[in-house]
Amino acid sequence: MAHYLCWIDFAEETTALSALETTNNVQVAAHHWRPRFIANGIDVNDFDETVKKTTDWREWGPNWKAVGEVHEGLGREAEQRGRMLSASQAYQRAAWCYHLGKFLWFEEAELHAELRDRSVSVYRRALQHLDPPAVRLEVPFEGHVIPANFRRPAGSTGPPLVLLVPGLDSSKEELYAIEEDFLRRGMSTLTMDGPGQSENSVDFAIRPNWETVITPVLDHLAHLDLRVDLDRIGLMGISSIRSRPTRSRPGRRRIP
């Protein structure tokens, strides 16, 4: 029986498969995320053009950073001219671009952290110019804070309060459109990053026991003059977090 020994060079095939995988990641991201992020404020032209020029998954974060920097620059220019509505809208778009850039993207840890921090910081520049304005709150929590954005309908007296909780991969900055839906219906909103979420991913791991979060948040709100009705509080969780706030309900008098 004859035996043959041969060498097979897999380098070219491996390279081709790697390129296919990264291209597929971009297409999967475009297919699954386009409706979500356009609904939440990303300009449709920004999304389509950025996807078109992103041929490798490693380019996703840097490309969205570049788009965010364009909007941030427009925000600064408008702010310098005293055009605060235009400035705040540009800052919001920049924040959403930075968030999308790091969304499920972990190719470069340092850039991922930079995009997270820039999304938070540039959005803060828009808060006081929203309609109605937003106020940043920091609820003391286990040696750190639960950061939150509070908004109350203009001219309202004692409106109910809705606590908005992002999902595993979202952030409080991404939930602006949902805030608007509640505000138009006469409800105030408190949108927060819980443990392990966005701004709080640095200090905490994600957790299922949200009763340990909601309780201190409610206790803290009771000592603030927010001019809302704390006997009428609702909870809304996004995605996989949607079931977790309900764990805080038993025994809590203020949550119906």
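The values are calculated or read from the model by the stated rules, or taken from the named source; none is laboratory data. All figures in this text were calculated on a predicted structure; none of them were measured in a lab. Cβ placement follows ideal geometry from the backbone for every residue including glycine, while neighbour counts extend to all protein chains displayed.
Look through the range 140-164, keep the residues that are under 17 Å from LEU230 (Cα atoms) and out of contact with any Leu (no Cβ under 8 Å at 6 or more places or on another chain), and return whichever of them is surrounded by the most Cβ atoms within 10 Å (Cβ to Cβ). Filtering the range 140-164 for residues that are under 17 Å from LEU230 (Cα atoms) and out of contact with any Leu (no Cβ under 8 Å at 6 or more places or on another chain), the one surrounded by the most Cβ atoms within 10 Å (Cβ to Cβ) comes out as PRO159. Filter the range 80-108 down to the residues that are surrounded by fewer than 24 Cβ atoms within 10 Å (Cβ to Cβ) and basic (Lys, Arg), then identify the one that is farthest from the chain's Cα centre (by Cα). Among those that are surrounded by fewer than 24 Cβ atoms within 10 Å (Cβ to Cβ) and basic (Lys, Arg), it is ARG81. When LEU175 is tested against (1) assigned to a strand (DSSP E or B); (2) in contact with a strand residue (DSSP E or B) (Cβ under 6 Å, 6 or more places away or on another chain), exactly one condition is not met: (1). For the range 32-50, which residues satisfy the criterion of being of a type in the set (A, V, I, L, M, F, W, C) and in contact with a Phe, Trp or Tyr (Cβ under 9 Å, 6 or more places away or on another chain)? Across the range 32-50, the qualifying residues are TRP33, PHE37, ILE38, ILE42, PHE47.
Every residue, every condition in (1) surrounded by fewer than 18 Cβ atoms within 10 Å (Cβ to Cβ); (2) farther than 16 Å from VAL122 by Cα; (3) modelled with pLDDT of 90 or more, yes or no:
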site: GLU12; (1), (2), (3): yes, yes, no
site: ALA19; (1), (2), (3): yes, yes, no
site: ASP43; (1), (2), (3): yes, yes, yes
site: THR50; (1), (2), (3): no, yes, yes
site: TRP60; (1), (2), (3): no, yes, yes
site: TRP64; (1), (2), (3): no, no, yes
site: GLU72; (1), (2), (3): no, no, yes
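What tally of residues in the range 190-209 results from selecting those that are among the hydrophobic types (A, V, I, L, M, F, W, C), surrounded by fewer than 19 Cβ atoms within 10 Å (Cβ to Cβ) and outside any loop (DSSP other than H, G, I, E, B)? Result for the range 190-209: 0. Over 23 Å from ASN63 (Cβ atoms), surrounded by 17 or more Cβ atoms within 10 Å (Cβ to Cβ) and assigned by TED's automatic domain parsing to the domain that holds ASN209: is that true of LEU137 in this structure? Criteria met by LEU137.
The one condition from (1) at pLDDT below 95; (2) loosely packed, with under 14 Cβ neighbours inside 10 Å; (3) more than 22 Å from ILE178 (Cα to Cα); (4) not acidic (Asp, Glu) that HIS32 does not meet is (3). Against the numbered list (1) surrounded by fewer than 21 Cβ atoms within 10 Å (Cβ to Cβ); (2) more than 15 Å from the chain's Cα centre (by Cα); (3) charged (D, E, K, R), ASP169 comes up short only at (2). In the range 110-130, the condition of being in contact (Cβ under 8 Å) with a residue 12 or more places away in the chain, out of contact with any helix residue (DSSP H, G or I) (no Cβ under 6 Å at 6 or more places or on another chain) and farther than 19 Å from ALA94 by Cα is met by no residue. Identify, please: which residue in the range 109-138 is more than 12 Å from the chain's Cα centre (by Cα) and among the charged types (D, E, K, R) and is, among those, nearest to SER198 (Cα to Cα)? Out of the qualifying residues, it is GLU114.
Restricting the range 149-169 to residues that are outside any strand (DSSP E or B) and closer than 19 Å to ILE238 by Cα leaves a set whose member that is modelled with the highest pLDDT is PRO166.
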